[in-house]
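Since every read-out is calculated from the coordinates, none of them should be taken as a lab result. These numbers were taken from a predicted model, which means no experiment stands behind them. Neighbour counts are summed over all protein chains in view; Cβ atoms, including those assigned to glycine, are modelled from backbone coordinates with ideal geometry.
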Amino acid sequence: MTDRRQFLRLGMTGLVLAGIPMGCARLSRPRKSEELLFSAADTVHGEHTLIGLNREGHLKARITVADRCHGGCQRPNAQEVLLFARRPGRHFYVIDLARGQLAATVEAISDHHFYGHGTFSPDGRYLYATENHAPSGEGFIGIYDALKGYRRTGQLAAGGIGPHELRMHPDGNTLVVALGGIQTHPDYRRIKLNLDTMAPALLLINRHTGEILQRHRPSHHQLSCRHLDISPGGIVIAGYQFQGPQWQTPPLIARLDTTNGEFGELDLGHELQPCLNNYIASIAVHPQLPLTAITAPRGNKLLVINHHNGKLARSVDLTDCAGVMVAGEDGFLVTTGSGTVQRLPADLSQLMQLQAMDLHWDNHLTAVTSL
């Protein structure tokens, strides 16, 4: 592991010493249909970067950007992956996988900022990004046309304040939106302005008409619904971040069956629930297995649940666990704030460390297929 870590550090330094312009660090040529992961990360010196690794943990890309970034998404049927500036950021970055460089930086429209997440229409033409209109505090979903250089062509009302992560439903017509309910303003950075009047929700929105098809409210108005993923069969697992008193330990994970509207919150028991420290970060639903991996970095826990029945399958101690993503038949990959990349196999047997880097990973991983 020491040799591999030293190799990565030398490789990352080499990208800088080779004189590659900022934001244009080259990808090594991937083999056909190589599976990659991308994540935002900050260096120990505070530099904001976008990192690409393969599933074995080997470095494939390092691109320096101006913003600390958060979530990402791959454009379907294209060699592009997008990463979004962290709230209240005003940019998202388009990476051209074929050329191995930053292709575009897109800025939010006046008085808007991004919430760090987006998703594409199934054909890859339209990007849907969660946004805040700062003067009113209202949330919107901006619509961007990828065929027109990601020009913003419209918006949908997000049904409230603070839309955060969103995913495309398997039906291709419905957006699944985590509405956090927290009002912020760029002038005050990340200060939360409305904790007493929060109205979070888990929403289903028709992407063509903007109609809210389903609205499901958490059991407490200060359970900010922030992150989610969805199975091919339409089961949504969502994670909360509780904004109330720390001595309270409400449920932090919700399950929604979108086929029948059945919504509930998972009971993890009086021993495990307080250990999560009222904060869920990242969620990855396995498309082939009935398993969902969930990170709780403030509680140093990696959870795996059976999303068919809502039961806990495994709880693993992992300090400052951050992003998590599906790694096919290999199970799940998970990063930590201390710079490690770990694999949890599909049988949930034991974590295996793949890599350690001098980085602080963000709380999200984006799965990418290089065509």
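A few notes on this one:
- Highest-first packing order for the peptide set 294-303, 267-276 is 294-303, 267-276, based on the mean count of other beta carbon atoms within 10 Å.
- Shape parameters for the range 233-333, alpha-carbon atoms, Rg then Dmax in Å: 13.0, 40
- Additional length obtainable on full extension of the chain from D347 to S219, 0.36 nm per residue less Cα span: 42.8 nm
- Per-residue Cβ neighbour counts within 10 Å put H112, H364, H307 in the sequence H112, H307, H364, beginning with the fewest.
- Residue-averaged 222 nm ellipticity for the chain, from DSSP H runs of 4+ at -39500 (n - 2.57), nearest 500: -1500 deg cm²/dmol
- Modelled FRET efficiency - R0 41 Å, R314 with S110, Cβ distances, 0.05 increments: 0.30
- Contact order for the range 92-132, expressed relative to its length and based on alpha carbon pairs under 8 Å spaced 6+ residues apart, stands at 28 percent.
- Highest average packing first - 67-75, 194-202, Cβ atoms within 10 Å: 67-75, 194-202
- Members of K60/K148; K60/K311; K60/K301 lying beyond 32 Å, as alpha-carbon distances in this model show: K60/K311
- Of the Cα atoms belonging to the range 2-370, the radius of gyration and Dmax stand at 19.3, 56 Å.
- Relative contact order %, the range 43-176, counting alpha carbon pairs below 8 Å whose residues are six or more apart: 15
- The amide H of N194, built 1.01 Å from its N in the peptide plane, has Q183 as neighbours under 5 Å, considering only residues 5 or more places off or on other chains.
- The range 2-370, relative contact order in percent, only Cα pairs under 8 angstrom and at least six apart counted: 13
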